[in-house]
Amino acid sequence: QVQLEESGGGLVQAGGSLRLSCSASGRTFSSYAMAWFRQAPGKEREFVAAISWGGSSTFYDDSVKGRFTIARDNAKNTGSLQMNSLKPEDTAVYYCAAALHPLRQDYAYDYWGQGTQVTVSS
């Protein structure tokens, strides 16, 4: 089992930045790929970014490429999502998740955090 907990969400104006953190406990976090997903009201959960277990490979949805950066620190069992140039359409609950492979499909992920709200005002 891997327990995940997100933090760092909040309210920010368009064009601003936020940094989300994902703290992991339980089984060896470094054995798992990590991803961020988000879900806006009335919409399905969607892929944002993923990173391989060692951090050497990263993947982004086109909507966030160039604005968001995913990273991890296996020594500290943490992951992060740096979000810059935020837009109102980035408003959603953001979830971190862990799986054996850094896939874009949410059904591939076995472990999920509770989520953190990000609200971007125009």
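The values are calculated or read from the model by the stated rules, or taken from the named source; none is laboratory data. Note that the structure is predicted; figures quoted are calculated from it, not measured. We place every Cβ from the backbone using ideal geometry, glycine too, and count neighbours over all the protein chains shown. Side chains are part of the model used for accessible areas, which takes the heavy atoms of the whole protein and leaves out ligands, DNA and RNA. Shrake-Rupley method; radii C 1.70, N 1.55, O 1.52, S 1.80 Å.
State in Å² the accessible area per residue of the chain; use a 1.4 Å probe, count heavy atoms of protein chains only, and round to the nearest integer.
Per residue, the chain has 52 Å² of solvent-accessible surface.
Any lysines with Cα under 17 Å of the Lys65 Cα? List them, leaving off those in the same chain fewer than 8 positions away.
Correct list for Lys65: Lys87.
Using a simple charge model, +1 on the beta-carbon of Lys and Arg, -1 on the beta-carbon of Asp and Glu, nothing else, what dipole does region 1-112 show about its Cα centre, in debye to the nearest 20?
Charge dipole of region 1-112: 200 debye, to the nearest 20.
With unit charges on the beta carbon (Lys/Arg positive, Asp/Glu negative), name the residue among Val118, Leu100, Ala71 whose Cα is farthest towards the positive pole of the charge dipole of region 24-122.
With unit charges placed on the Cβ atoms, the residue in question is Ala71.
Scan region 49-122 for trypsin sites (Lys or Arg not before Pro) in coil per DSSP, keeping those whose Cβ has at most 15 other Cβ atoms within 10 Å, and list them by number.
Details: sites: Lys65, Arg67, Arg72, Lys76, Arg104; in loops: Lys65, Arg67, Lys76, Arg104.
Taking region 49-122 and a limit of 15 other Cβ atoms within 10 Å, the loop trypsin sites (Lys or Arg not before Pro) found are Lys65, Arg67, Lys76, Arg104.
Share of the chain's accessible area from carbon and sulfur, percent, 1.4 Å?
With neighbouring chains kept in place, the figure for the chain is 46 percent.
I want to verify a result. In a Gaussian network model of the chain, Cα cutoff 10 Å, which of these has the top mean-square fluctuation: Gly54, Gly15, Gly26?
Comparing Gly54, Gly15, Gly26 in a Gaussian network model of the chain, the most mobile one is Gly26.
Identify the GluC sites (Glu not before Pro) of region 28-106 meeting these criteria: DSSP loop state and at most 10 other C-beta atoms within 10 Å of the C-beta. Please list the in-between numbers first.
Working: sites: Glu44, Glu46, Glu89; in loops: Glu44.
Answer by residue number: Glu44.
Output the relative contact order of the chain, whole-number percent, from Cα pairs under 8 angstrom with separation of 6+ residues.
36 percent
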